[in-house]
1. Which whole-angstrom value gives the distance between the alpha carbon centres of segment 91-106 and segment 36-74?
2. Loop only by DSSP, 12 or fewer other Cβ within 10 Å of the Cβ. Give me the GluC sites (Glu not before Pro) in segment 80-183 that pass, ordered by residue number.
3. Quick one: length gained pulling GLU265 to LEU63 fully straight, 0.36 nm per residue minus the C-alpha distance?
4. Which chymotrypsin sites (Phe, Trp or Tyr not before Pro) in segment 127-187 sit in a loop by DSSP (not H, G, I, E or B) and have at most 16 other Cβ atoms within 10 Å of their own Cβ?
5. Give the cross-link partners of LYS36 among the aspartates and glutamates, using a straight C-alpha distance below 12 Å as the criterion and excluding same-chain residues fewer than 8 apart.
6. Where Lys and Arg each count +1 and Asp and Glu each count -1, what net charge lies around SER197 among other residues with Cβ under 10 Å from its Cβ?
7. Calculate I(q)/I(0) for segment 77-229 by the Debye formula, one identical point scatterer on each C-alpha and no solvent, and give its log10 at q = 0.17 Å⁻¹ to two decimals.
8. Most fluctuating residue of VAL69, VAL204, VAL34 in a GNM of the chain with Cα springs under 10 Å: which is it?
Amino acid sequence: MKGGGFRIARENCGVWFDARTGEGQRYADARFRVEKGVLADQSEPVMPPVNDRRLYLVSAAGLDAFQPVFDGLAGISVFSLTPDVMRQPQTPDSGEFLHRDGANIASVLHRLDRADKARVEAYLHQIVPGMREVSRSELGNGETLEFVQDVPGAKNPWRFQAQSMSDGTLRALGVLVALFAGTGQTLSPVGIEAPESALHPAAVCVLLDVLRDASERRQVIVTTHSSDLLDRHDFELAQLRAVRSIGGETKIGALDAAEALAMSEQLYTPGELLRTDQLLPVTKLLSGQVR
């Protein structure tokens, strides 16, 4: 809008209460659609008024049918892990939620149950050869991370505090803790920006297995520019979304027909398509057709 304001042009929400197969296309059990400030479709007999300066879901969440959608979106955790912050001595906290930058990772790691901590350490061992374990260590009135690692030629494993660890090791640990903390609860979705950053290319393949393991229990959303992370033939089309800036707008969508066919025929991996700048989203052309 002129003057720097904004409005919600379109908003669509559909909720299916039960998973049903073989029924073909059908309406959602609960739904609404807002177009240009007007409620254009609804499933509930009474709905709150529309305010085009905020998402309609905020108001609709007062109805039982839409509250789970609001709670799920509000509970999303997004991480941009910062090794320099993770190296610093930390003030102990409850460790219930990992901070966006990983600043309280020692407290969160200490709170993990035994099975989750063992899973984190097992994957970290695959990513960082020789790594045995990692734990919280007291440091004056604060705390830090302590790593136990086998060192070639040394009789006994060495112990390192976070200040001595590489960016790649700290980021890998942060990704693992973000993904596996909270097992046994209703897990909210997790978004991680560039999880492969600072990792050796040989470790990126392990990272993809980690992400898939975690996605068995929670939704995992990852943004990446890494062709190495995508350089496998075992991706499903539904697991990928391409992002492209078109005419000043960010378009996010499924892969367009040509790239989808190349992947389904295993002619190219997503990583190979990304290297050649051919990982493109479906876009609507002026003719109304879909490319």
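Where a number appears in this text, it was derived from the coordinates with a stated rule and is not lab data. On a predicted model such as this, the values are computed, not experimentally measured, just so you know. Virtual Cβ from ideal backbone geometry, glycine too; neighbours counted across all protein chains shown.
1. Each part reduced to its Cα centre gives a spacing of 33 Å.
2. GLU96
3. My answer for the length gained is 68.2 nm.
4. On the way: sites: PHE147, TRP158, PHE160, PHE180; in loops: none.
For chymotrypsin sites (Phe, Trp or Tyr not before Pro) across segment 127-187 that sit outside H, G, I, E and B with at most 16 neighbouring Cβ atoms in 10 Å, the list is empty.
5. The qualifying aspartates and glutamates are GLU11, ASP52.
6. -2
7. -0.95
8. VAL34
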